[in-house]
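Quick notes on the structure that follows.
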Amino acid sequence: MATIQLDNRGLQPPEPMVRILAALGSLAADDEVVALMDREPHLLYPELERRGFTWEFDGRDEAFVLTVRRVTA
Amino acid sequence: MTLAAPGRGPALALVAPFFLAAPLGLALAGLILAFSNGDTLLAINAPRTVALTHAAVIGWLTMGIFGAVYQLGPAVLGGRLVSSRLARVHFFVHATVVPAFVWTFWQWDVRLMGYAASGLVLSFILFLINAFPAIGTLRRGALPARYLGASLVMLAVTAGFGITWAGTLQHLWFPVTMGRLAGHAHLGLLGWLGLTLMGVAYQLAPMFNVVQRKRPVAGGPILALTVTAALGGGLVLMADPGPWVRLAVAAAMAAGPGAWGIEMLRLMLARSRRTLDVQGRATFVSLGFLVVTICLGLLAAIGKPVSPGHEPTRLLLGYGIAGVSGWAGIMLIGNSYKILPFLVWYHRYRQLAGIRPVPVVADIYSEGAARAVLAVHTTGTIVAIAGALLGDLNILRAGGLMLTLGAALHMVSLAHIVLAPHAPAPRRIGPGEVATR
């Protein structure tokens, strides 16, 4: 299992969304993308769902963390 | 009615018409200013002045804010629209009613004014049905959502007084004094427009200028202060108080936006993105007009006549132009070059992102055209303020024409964003590639 880490803080919309979607292209079944965010990416979720990914968003601390994985059958 | 899921942005065809139609309100207001007559400099409640104020505030700014709320609520604040179809009906109602409403002021036809005002209240009700759920994170205490929630309540209060004033003009229940007019105007300008723009700026200014090292520190107290001043001050003004009470009300009303302006300046100066685009420039220019607005507002509140009438009409007119066209208007113009291009990007390119190269938001609008709009509008606003303060009708009219020209350029540039094809920019962002701008 591999983790691709992205620091998307300090980027203008929609660059965080583009970086995450680009990283997902090479994601194996057990891999995950962990992205540091400035804010919750509400508009990314429908696209993740459409491409067959699931996600968790942790917005408790100042640095928000989004974790994305492939949906497993 | 169908509920749109949270996170699913509204359709481009739903939001774009609000942004594209909004400059028509500005063009109309500019034209009315260009056809000012002697009454404009003598009485702030002259029919043409009331007509141009409503064209600018309801036709231009409010129309643009409607589009912004429909977009930002679901996209940024995590809310949802109750019904997209209702929002489309709302656009049709508002776009139909506003010209009629402005026409009744121009003609001073109090009977038709009542009907048009009723149509406007219907438009606001249709908006509020969607707007409250759209700013869905209110319960979680997000600062922009709290500002928007308060501003929606103030819109309802302002509309309530407005329809009452329209009713009394027709049925003569009681006189609409200068104080009652001022109270209604300030509930709308500070309570509705001011709070909305302040809240949206808390979201968009740090987001698009990349402010990471500083956070807003006084957003909550500023909100409480502004709501109290707008509501309390508006009601006090309706009692036609003397100059010292007016001055105290003006100081209270200025305190919230003034503190917000300092906070916004602090955030903008701490930005990581040093090169300013049109939205960043507009934020600074808008803050400059906020200072002018506060100074003129305090001077006007003292009430020393600077014209043959009993009201300091020239100061009031200059104050109104600075606040509406300068502070609020320039903030809206700047933000529209972020909100609309992002919306176009989201609907046209998100499904391609990560699969093949896509343009970035900066490729979707012309920075040069946007800066030209900002320059023409800013110049027109300054000329119009100068015309009002100097009492020179020709300068005032020239300012109106420049504002109309700026509105036309603005509309063309926004239409280009929506309608023109945008070639992907392979050098910018592609799979596995990081944006450098």
When you look at the Cβ of every residue in A:7-13, what mean number of other chain Cβ atoms sits within 10 Å? 6
Cα Rg over Rh - the range A:3-70, Kirkwood: 0.92
Å² per residue, accessible surface of the range A:3-70 at 1.4 Å: 43 Å²
Could you compute how much accessible area chains A and B hide from each other, both sides summed, with a 1.4 Å probe? Nearest 100 Å² is fine. 2400 Å²
Shape call for the range B:54-212 from the C-alpha gyration tensor, a ≥ b ≥ c root eigenvalues: rounded (a/c under 1.5), prolate (a/b greater than b/c) or oblate? prolate
How do B:I125, B:I302 rank by accessible surface area computed with a 1.4 Å probe, from largest to smallest? B:I125, B:I302
Per residue of A:44-51, count partner chain C-beta atoms within 10 Å of its C-beta, then hand back the mean as an integer. 4
Considering Cα pairs under 8 angstrom that are at least six residues apart, work out the relative contact order of chain B and quote it in whole percent. 18 percent
In µm²/s, what is D for the range B:153-253 at 10 °C and 1.306 mPa s, where D = kT/(6 pi eta Rh) by Stokes-Einstein and Rh is the Kirkwood radius from Cα pairs? 106 µm²/s
Rg/Rh over Cα atoms for the range B:195-350, Kirkwood Rh, comes to 1.05
Quick one: Debye curve from the alpha-carbon atoms of the protein assembly as shown only, equal weights, vacuum; give me log10 I(q)/I(0) at q = 0.09, 0.11, 0.14 Å⁻¹ to two decimals. -0.61, -0.90, -1.41
Of every Cα-Cα pair in the range B:203-285, the percent that sits beyond 19 Å: 49 percent
Beyond 16 Å, what percent of the Cα pairs of the range B:168-225 remain? 61 percent
Square roots of five times the Cα gyration tensor eigenvalues for the range B:1-91, Å: 35, 11, 10
Mind running the shape call on chain B? Use the C-alpha gyration tensor, a ≥ b ≥ c as the square roots of the eigenvalues: rounded below 1.5 for a/c, prolate if a/b tops b/c, oblate otherwise. prolate
Around B:Q351, with a cut-off of 11 angstrom between Cβ atoms, what is the net charge of the other residues, counting Lys and Arg +1 and Asp and Glu -1? +4
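The values are calculated or read from the model by the stated rules, or taken from the named source; none is laboratory data. Quick caveat: nothing in here was measured; it's all calculated off a predicted structure. Heads up, the Cβs are rebuilt from the backbone with ideal geometry, glycines too, and the neighbour counts pull from every protein chain shown. The accessibility values were calculated without ligands, DNA or RNA, using every heavy atom of the protein model including side chains. Shrake-Rupley method; radii C 1.70, N 1.55, O 1.52, S 1.80 Å.
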